[in-house]
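The values are calculated or read from the model by the stated rules, or taken from the named source; none is laboratory data. None of the values given here were measured: they were computed from a predicted structure. We place every Cβ from the backbone using ideal geometry, glycine too, and count neighbours over all the protein chains shown.
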Amino acid sequence: MRSLEKAQRDVLAGVSSLPVVELPVWDALGLGLASPVVAPHDVPPFTNSAMDGYAVLGADVEEAPVTLGLLEDVPAGHVAQQAVRSGAAIKIMTGAPIPDGADTVVKVEDTEPLPDGVRIMAATPTGTAVRPAGGDLAAGEPVFAAGERLTPPHLAVLASLGVSPRVHRRPRVAMLSTGDEVLPPETANLGPGQIRDTNRPLLAAMLDELGVEIVDLGIVGDDADTLRNTLEQGAAKADMVLTSGGVSMGEYDLVKIILRELGTIDFWKVAMQPAKPFAFGHIEGTPLLGLPGNPVSVMVAFEQFARPALLRMMGCRSVFRARAVARSAETWRTDPAKTVFTRVVTEIEDGVTLVRSSGAQSSNVLSALARADAFAVIPVGTGWVRAGDPVPIELFRSPEARTASEVLGG
Ligand code: AMP
Ligand code: MG
């Protein structure tokens, strides 16, 4: 058996980052930066007001109350025509440029309007409510490193700089389910021995969350020619092919025969549970990941192999989920020969993250997977996990906290 770590190394080594493109910020979510971003100009680009109020000389408002003359009004997007001098103020809106001469903004709540001036009611220290040019980012400052994955706030920063990022192209991933017993999820009535395809909806949703394009190759029954054609087509169209089913050990399996015939594909036994059987290789240069058939194994294998590989293809420096340490609220047994991914529910009690099994741990039990928000990752050699033990976890979704009705009451 191959260790999980070795299997992950082999998969990562078998994929490379996709070509670089320059994309509008609208299209770059989730991709990795291909080159560092340096601020082309200051942000904010000009010194501006943090408040609605009056731009003044700080020296005039060290003590209050004081009366100042009013020179003009400056809404956001406009520039004052005059400079502020001692004894005078310019009315200013949040975000408008600070007029020449002024160094302080007195917020409107601390003032009273007069027919031809303003009365300052509160002493205001010099510099109050002034946002300096370059206070967020200065021209020439390094902003993001290459390999950083673009999140919504990253995109907002790039927008503020007017930068269209150079990123690695978004991968296209072809997916298919295999097996004569597998029918579309829309199937109303199942015949004897038939089940609905859970793996494509699961994969499609995970691929969607990751932000990659999907090429759906559908369900392929246990028929050699169809399988061969579909896989060849998928490999030609996509940057990665994901299959599920047909890779387990032992029995005669058509999928294995065709994969062997089409490319350089190896069949592994990984020392992990679930998702022990796994296939990896290339068809005409396109990486293929042969995931197991059982749906829980599909998710675990996706998380441990496909997701990191795709993030690498997307040019992201960090490709593995962060592991946190939680505390077990229960005692359970795991196979000490394997890295075991126990599906758990997390709960924060007195600031400590506790984990409990989310239900039956067989690799076909989807309901317990849907209840879980993390995998407890139990290392090889552990055996018993006891209540109170620290356990590494990988959160695959953020647990939700307060309910709307808690906040709204009633
Ligand atoms: P296999 O490795 O193809 O024998 O599949 C292992 C188990 O997963 C069997 O019980 C299959 O019926 C089941 N399975 C395979 N593919 C799917 C799928 N797409 N949706 C749901 N179950 C599947
Ligand atoms: Mg099968």
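Looking at region 240-270, which of the residues that are within 15 Å of ligand 1 (Cβ to nearest atom) and over 34 Å from the mean Cα position of the chain (by Cα) is surrounded by the most Cβ atoms within 10 Å (Cβ to Cβ)?
258
Return yes when residue 230 is surrounded by 16 or more Cβ atoms within 10 Å (Cβ to Cβ) and under 17 Å from residue 301 (Cβ atoms) and no when it is not. Lay out the reasoning, then the answer.
Details: surrounded by 16 or more Cβ atoms within 10 Å (Cβ to Cβ): yes; under 17 Å from residue 301 (Cβ atoms): no.
In short, no.
Count, please, the residues in region 247-295 that happen to be closer than 22 Å to residue 18 by Cα and of a type in the set (D, E, K, R).
Residues in region 247-295 being closer than 22 Å to residue 18 by Cα and of a type in the set (D, E, K, R): 1 in total.
Considering only residues that are out of contact with any Leu (no Cβ under 7 Å at 6 or more places or on another chain) and more than 16 Å from ligand 2 (Cβ to nearest atom), which ones fall in region 289-303?
Hits for region 289-303 are 300, 303.
Considering only residues of region 188-210 that are within 15 Å of ligand 2 (Cβ to nearest atom) and outside any helix (DSSP H, G or I), which is nearest to residue 365 (Cα to Cα)? Break it down into steps so the answer makes sense when it comes.
Step one: filter region 188-210 for residues within 15 Å of ligand 2 (Cβ to nearest atom), giving 193-200.
Restricting the remaining residues to those that are outside any helix (DSSP H, G or I) gives 193-198.
On the way: 193: 17, 194: 17, 195: 14, 196: 14, 197: 14, 198: 11 Å.
In this case the residue turns out to be 198.
I'm checking my understanding of the structure. Among residues of region 211-270 that are of a type in the set (Ser, Thr, Tyr), out of contact with any His (no Cβ under 8 Å at 6 or more places or on another chain) and away from ligand 2 (no atom under 13 Å from the Cβ), which one is nearest to residue 11 (Cα to Cα)? Full working, then the answer.
Initially, region 211-270 is screened for residues of a type in the set (Ser, Thr, Tyr), giving 226, 230, 243-244, 248, 252, 264.
Subset that is out of contact with any His (no Cβ under 8 Å at 6 or more places or on another chain): 226, 230, 243-244, 248, 252.
Add one more test, that the residue is away from ligand 2 (no atom under 13 Å from the Cβ), and what stays is 226, 230.
Values: 226: 27, 230: 23 Å.
Taking the candidates together, the pick is 230.
Could you please give the count of residues in region 212-221 that are crowded, with 17+ Cβ neighbours inside 10 Å and either of a type outside the set (A, V, I, L, M) or assigned to a helix (DSSP H, G or I) (or both)?
0
Looking at residue 15, is it buried (at least 17 other Cβ atoms within 10 Å of the Cβ), of a type in the set (Val, Ile, Thr), part of a loop (DSSP other than H, G, I, E, B) and modelled with pLDDT of 95 or more? Steps first, answer last, please.
Numbers: buried (at least 17 other Cβ atoms within 10 Å of the Cβ): yes; of a type in the set (Val, Ile, Thr): yes; part of a loop (DSSP other than H, G, I, E, B): yes; modelled with pLDDT of 95 or more: yes.
So residue 15 passes the test.
Criterion first (closer than 30 Å to residue 52 by Cβ, away from ligand 2 (no atom under 16 Å from the Cβ) and not in a helix (DSSP H, G or I)) does residue 128 satisfy it? I'd like the intermediate steps shown before the answer.
Details: closer than 30 Å to residue 52 by Cβ: yes; away from ligand 2 (no atom under 16 Å from the Cβ): yes; not in a helix (DSSP H, G or I): yes.
So residue 128 passes the test.
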